[in-house]
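Asks: Below is a structure I'd like to ask you about.
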Amino acid sequence: GCMLNGKLYPFGLIERTEDCYRCSCGRTQMECCSLIHSPVTYDKKKCKILVNKKRCGYDKVQKKDPSKECFPQASV
């Protein structure tokens with residue numbers, strides 16, 4: 001198998017790791033791509049980005065009140 005961040009994965013395709021990667025584990029190498037895509041459109045002055053590993057994505061939340069979502073706006 002292949003080691004990634006201290007965890008052993010089996011040979012072959014790994015659809016999703018604990019850290020939100022899709023990997024191919026071979027006998028001589030391991031190749032991985034992130035499943036998390038960076039958000040582009042949000043108000044950077046009013047909002048912040050939090051990684052959500054449960055769904056392998058980002059949550060855009062208000063800086064003043066992180067319990068509230070930020071809605072897409074033009075990048076600032």
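Asks: Select from region 54-70 the residues that are of a type outside the set (D, E, K, R) and open to solvent by 60 Å² or more (accessible area, probe 1.4 Å) and write down the one among them that is farthest from Pro10 (Cα to Cα).
Replies: Among those residues, the one meeting the criterion is Gln62.
Asks: Tally up the residues in region 17-53 that are under 20 Å from Lys7 (Cβ atoms), modelled with pLDDT under 90 and open to solvent by 80 Å² or more (accessible area, probe 1.4 Å), please.
Replies: Looking only at that region, the number is 3.
Asks: Now for a separate question. When you scan region 30-50, do you find a residue that is in contact with a Leu (Cβ under 9 Å, 6 or more places away or on another chain) and in contact (Cβ under 8 Å) with a residue 40 or more places away in the chain, even just one? Give the derivation first.
Replies: Taking region 30-50 first, the residues in contact with a Leu (Cβ under 9 Å, 6 or more places away or on another chain) are 30, 32.
Checking which are in contact (Cβ under 8 Å) with a residue 40 or more places away in the chain leaves us with none.
Within region 30-50, none of the residues are in contact with a Leu (Cβ under 9 Å, 6 or more places away or on another chain) and in contact (Cβ under 8 Å) with a residue 40 or more places away in the chain.
The values are calculated or read from the model by the stated rules, or taken from the named source; none is laboratory data. As the structure is a computational prediction, the values presented were derived from the model and not from experiment. Virtual Cβ from ideal backbone geometry, glycine too; neighbours counted across all protein chains shown. For accessibility, only protein heavy atoms count, side chains too; no ligands or nucleic acids. Shrake-Rupley method; radii C 1.70, N 1.55, O 1.52, S 1.80 Å.
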